[in-house]
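Each reported figure results from applying straightforward, stated rules to the coordinates on display, with no laboratory input. Please read these numbers as outputs of a predicted model, since none were measured by experiment. In this analysis, Cβ positions are derived from the backbone assuming ideal geometry, glycine residues included, and neighbour counts consider all displayed protein chains.
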C-alpha cells in the first residue's frame, strides 16, 4: 500500500474522531441539530456560510475537514450502498487524492469539494439538496 492510500485509510478511520472534534468547536444550538439526518446538513452549511465566507478571516482548514467528515458520514448513512474510494491513478484529475463516496449507480460525492462549493454558493441547503437528488437516482 502506498503512502497516499495509507493516508486515505487513516482519514476514513478518523471520521468519527473528526466529528467529535467538530462538535467541540460549534455553538450548542448547532451541535444539538447534528443528528446525522440530511436536514442537519442545512444547519452545518449555514454555520459554515456565516463563519467561513469572508476574505478577511483566516481559513480554518481543520474545521472544513471536520465538516466534510460530518457531511460524508451523513451521506454514507443515507445512501447505504455507497462506498469510500480515492482517485490515485490520474494525477491530472481535479479529484486526485481526494476522499470520495461512490454509489452502485456510479454517482460520486466528494465531501471536501461540496463544503467549499456550499460556502461559495451561500444557499444554505445546497448539500442536502444534492444528497436528496442522489437518493432519488441511486439504486
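Couple of notes before you dig in:
Let's see how each residue does on (1) on the phi > 0 side of the Ramachandran plot; (2) surrounded by fewer than 14 Cβ atoms within 10 Å (Cβ to Cβ); (3) part of a helix (DSSP H, G or I); (4) out of contact with any strand residue (DSSP E or B) (no Cβ under 7 Å at 6 or more places or on another chain):
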| residue | (1), (2), (3), (4) |
| --- | --- |
| 86 | no, no, no, no |
| 94 | no, yes, no, yes |
| 101 | no, no, no, no |
| 116 | no, no, yes, yes |
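- Condition check for residue 70: in a helix (DSSP H, G or I) and more than 15 Å from residue 23 (Cα to Cα): no
- Scanning region 15-30 for residues that are surrounded by 15 or more Cβ atoms within 10 Å (Cβ to Cβ) and over 11 Å from residue 67 (Cα atoms) turns up just one, 30.
- Residue among 36, 4 that is within 14 Å of the chain's Cα centre (by Cα) and surrounded by fewer than 19 Cβ atoms within 10 Å (Cβ to Cβ): 36
Rundown of residues vs (1) out of contact with any helix residue (DSSP H, G or I) (no Cβ under 6 Å at 6 or more places or on another chain); (2) within 29 Å of residue 50 (Cα to Cα), yes/no style:
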position	(1), (2)
70	no, yes
82	no, no
90	yes, no
93	yes, no
102	yes, no
106	yes, no
123	yes, yes
